[in-house]
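Novice: So that we are looking at the same thing, I have put the structure below in structure tokens.
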Amino acid sequence: MAPMGIRLSPLGMAVFCLLGLGVLYHLYSGFLAGRFAFFMLSEPAAGGPETPHGSAPAGVVDLRELLAVSVLAAVRGGEEVKRVREGNVLNAKAKGKTREGAEEQLTSGDLLSNRRMFYLLKSAFPAVQINSEERVDTADQETVSWDRSIPEDIKQKIQPKEVPAESVTVWIDPLDATQEYTENLRQYVTTMVCVAVNGKPVIGVIHKPFSAYTAWAMVDGGSNVKARSSYNEKNPRIIVSRSHAGKVEQVAKQTFGNKTAIIPAGGAGYKVLSLLDVAEKNQEEADVYIHVTYIKKWDICAGNAVLRALGGHMTTLTGEEISYTGSDGNEGGLIASINMNHKALIEKLPDLEKTSHK
Ligand SMILES: Nc1ncnc2c1ncn2[C@@H]1O[C@H](COP(=O)(O)O)[C@@H](OP(=O)(O)O)[C@H]1O
Ligand SMILES: [Mg+2]
């Protein structure tokens with residue numbers, strides 16, 4: 001049998017210590033040092049380390065640049081959405097059904113906008129993960145490049161802020177409210193880009209192609225849009241889906257009473273804008289946005305980021321934050337509000353499980 005106690009000679013001890021130091025040095029100079037550098041770079045880096053072309057070092061992205069490209073992508077995608085609608089050749093076809101059995105439409109507007117938005121973002125930030133509602137046809141690449149210019153209003157309001165490229169997930173919705181687009185209800189249509197960092201929605205862009213209106217916001221950064229000065233907390237107007245409603249009317253009435261005003265509208269982007277101070281002719285106003293069926297993360301991420309940046313909230317119906325990494329679906333419904341007691345709203349909601357079995 002081997003002896004239980006092992007004795008090392010002084011030479012053995014020295015070799016052992018040297019080996020240990022070697023391992024520590026390797027860890028520190030490689031992985032840990034990299035992490036530490038990213039951490040330092042996450043601080044606003046006015047005049048920080050830059051490559052000769054003024055862009056962030058490899059492996060790192062500047063959120064201000066990402067915001068600028070996101071706005072451009074939403075606008076450029078919107079041009080396609082508008083062009084297809086005005087040309088009246090939508091080539092609409094069914095791409096499938098939702099879990100509730102509603103037909104999901106796909107048009108040339110969705111596909112052409114997606115192509116533009118995806119390749120613009122991908123060429124500007126090749127290292128970043130991009131999740132889009134529509135599939136990208138790699139055989140049909142578009143060569144669109146970003147000239148690296150940052151619009152004046154973004155420059156004035158936002159400081160450069162670098163984060164590791166691997167922590168970023170971009171979500172694109174090339175045409176929100178496709179159903180309404182096919183019905184020519186143009187006011188509901190938006191294009192959206194969202195940037196999540198470690199799953200948290202940080203940058204949101206919501207663009208209305210038919211009125212050339214764009215809202216953007218960055219958490220802990222700035223925005224070009226703000227909350228309204230007041231909200232009706234006692235008798236809130238509830239904005240809900242017109243084409244994927246599920247039991248939302250029932251939920252809203254059970255929560256706020258039978259007389260509560262319910263506004264059916266298309267598009268998740270449009271419904272988030274209805275909670276804000278948006279000076280737009282065809283934009284309705286509401287106090288709370290509720291959605292009870294399954295929904296995809298590209299539909300809600302940009303609105304979630306904008307609300308969060310302005311001090312509002314978008315959570316599941318049980319009050320959980322939605323993480324914008326991993327799977328593309330959100331199962332828990334959503335409730336969005338700003339300048340209201342969001343927790344109190346959630347506590348008022350009926351148990352959805354019970355409601356759906358009624
Ligand atoms: N139950 C569901 N399943 C899948 N997608 C849903 C859904 N409910 C809503 N959505 C999507 O969420 C967006 C907003 O929905 P609504 O207008 O009904 O409020 C729409 O996105 P798209 O138009 O981008 O497909 C819609 O398709
Ligand atoms: Mg959508």
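The values are calculated or read from the model by the stated rules, or taken from the named source; none is laboratory data. What you see is a predicted model, and the numbers here were worked out from it, not measured in a lab. Positions of Cβ are generated from backbone atoms using ideal geometry, with glycine treated the same way; all protein chains shown enter the neighbour counts. Keep in mind that these areas ignore ligands, DNA and RNA; they rest on the heavy atoms of the full protein, side chains included. Shrake-Rupley method; radii C 1.70, N 1.55, O 1.52, S 1.80 Å.
Novice: Leaving out ligands, DNA and RNA, what percent of the accessible area of segment 262-349 is carbon and sulfur, probe 1.4 Å?
Specialist: Working: 1370 of 2980 Å².
For segment 262-349, the apolar C and S fraction of the accessible surface comes to 46 percent.
Novice: Find the eigenvalues of the gyration tensor of the Cα atoms of segment 60-223, then list the square roots of 5 times those eigenvalues as equivalent ellipsoid semi-axes, largest first, in whole angstrom.
Specialist: On the way: eigenvalues 146, 55, 46 Å².
The answer is 27, 17, 15 Å, longest axis first.
Novice: Something else: So if I average 1/r over every pair of distinct C-alpha atoms in segment 238-356 and take the inverse, what Kirkwood radius in Å does that give? Numbers along the way, then the final one.
Specialist: Numbers: mean 1/r = 0.0701 Å⁻¹.
Averaging 1/r across every pair of different Cα atoms and inverting gives 14.3 Å.
Novice: In addition: Quick check for you: with a 1.4 Å probe and neighbouring chains kept, what is the accessible area per residue of segment 60-223, in Å²?
Specialist: Numbers: 6750 Å² over 164 residues.
Using a 1.4 Å probe on heavy atoms only, each residue of segment 60-223 averages 41 Å².
Novice: Oh, and also: Identify all aspartates and glutamates with a Cα-Cα distance to LYS157 below 19 Å; exclude those on the same chain that are fewer than 8 residues away in sequence.
Specialist: Excluding near neighbours in sequence, the set is GLU43, ASP62, GLU65, ASP220, ASP277.
Novice: Ok, one more. Quote the FRET efficiency, to the nearest 0.05, computed for ASP140 versus ASN282 with a Förster distance R0 of 41 Å and r equal to the Cβ-Cβ distance.
Specialist: Details: r = 33 Å, r/R0 = 0.81.
Computed FRET efficiency for ASP140 and ASN282: 0.80.
Novice: Let me ask something else about it. Out of SER241, THR325, ASN304, whose Cα points farthest toward the positive end of the dipole of segment 235-358 (charges: +1 Lys, Arg; -1 Asp, Glu; placed on Cβ)?
Specialist: Going by the charge dipole, the pick is SER241.
Novice: Past 27 Å, Cα to Cα: identify those pairs from LYS259/LYS348; LYS200/LYS253; LYS95/LYS281; LYS247/LYS281, in the order given. All intermediate terms of the calculation are to be shown ahead of the outcome.
Specialist: Numbers: LYS259/LYS348 16 Å; LYS200/LYS253 31 Å; LYS95/LYS281 32 Å; LYS247/LYS281 30 Å.
Result: LYS200/LYS253; LYS95/LYS281; LYS247/LYS281 exceed 27 Å.
Novice: Evaluate the distance, in nm, between pseudo-label points positioned 7 Å from the Cα of LYS226 and of SER211 along their respective Cα→Cβ axes.
Specialist: Result for the modelled spin labels: 1.9 nm.
Novice: How large is ³J(HN,Hα) for each residue in segment 128-137, as worked out from phi by the Karplus curve 6.51 cos²θ - 1.76 cosθ + 1.60 (θ = phi - 60°), to whole Hz, x for Gly and Pro?
Specialist: For segment 128-137, the Karplus curve yields 9, 6, 10, 10, 10, 4, 9, 6, 9, 7 Hz.
Novice: Hey, another quick one. Residue by residue, what Karplus-based ³J(HN,Hα) values in Hz, rounded to whole numbers, does segment 240-252 have, using 6.51, -1.76 and 1.60 with θ = phi - 60° and x for Gly and Pro?
Specialist: Values per residue, Gly and Pro as x: 9, 5, 8, 10, 9, 6, x, 9, 5, 5, 4, 5, 5 Hz.
Novice: Then there's this: What full-extension length gain, to one decimal in nm, is calculated for SER149 and LYS343 as 0.36 nm per residue of separation minus the Cα-Cα distance? Mind showing how you got there, number by number?
Specialist: On the way: separation 194, 0.36 × 194 = 69.84 nm, distance 4.09 nm.
Between SER149 and LYS343, full extension yields an extra 65.7 nm.
Novice: I've got another one for you. Limiting things to C-alpha atoms, what are the Rg and the maximum Cα-Cα separation (Dmax) for segment 105-198, in angstroms?
Specialist: Expressed in Å, the Cα Rg and Dmax of segment 105-198 come to 14.9, 42.
Novice: If you average the C-alpha positions of segment 289-327 and of segment 100-153 separately, how far apart do those two centres end up, in angstrom?
Specialist: For segment 289-327 versus segment 100-153, the Cα centre distance is 21 Å.
Novice: What are the aspartates and glutamates whose alpha-carbon lies under 12 Å from the alpha-carbon of LYS271, with same-chain residues fewer than 8 places away excluded?
Specialist: Leaving aside aspartates and glutamates fewer than 8 places away in the same chain, those within reach of LYS271 are ASP176, GLU284, GLU285, ASP287, ASP299.
Novice: Before I look further, what does segment 240-280 give for accessible area per residue, probe 1.4 Å, in whole square angstrom?
Specialist: 38
Novice: If you roll a 1.4 angstrom probe over the protein chains with everything in place, what fraction of the accessible area of segment 76-212 belongs to carbon and sulfur, to the nearest %? Don't skip to the answer; put the middle values down first.
Specialist: On the way: 2700 of 6190 Å².
Result for segment 76-212: 44 percent of the exposed heavy-atom area is carbon or sulfur.
Novice: Additional query: Taking R0 as 51 Å, what's the FRET efficiency between SER123 and LYS247 from their Cβ-Cβ distance, rounded to 0.05?
Specialist: Working: r = 43 Å, r/R0 = 0.85.
The value I calculate is 0.75.
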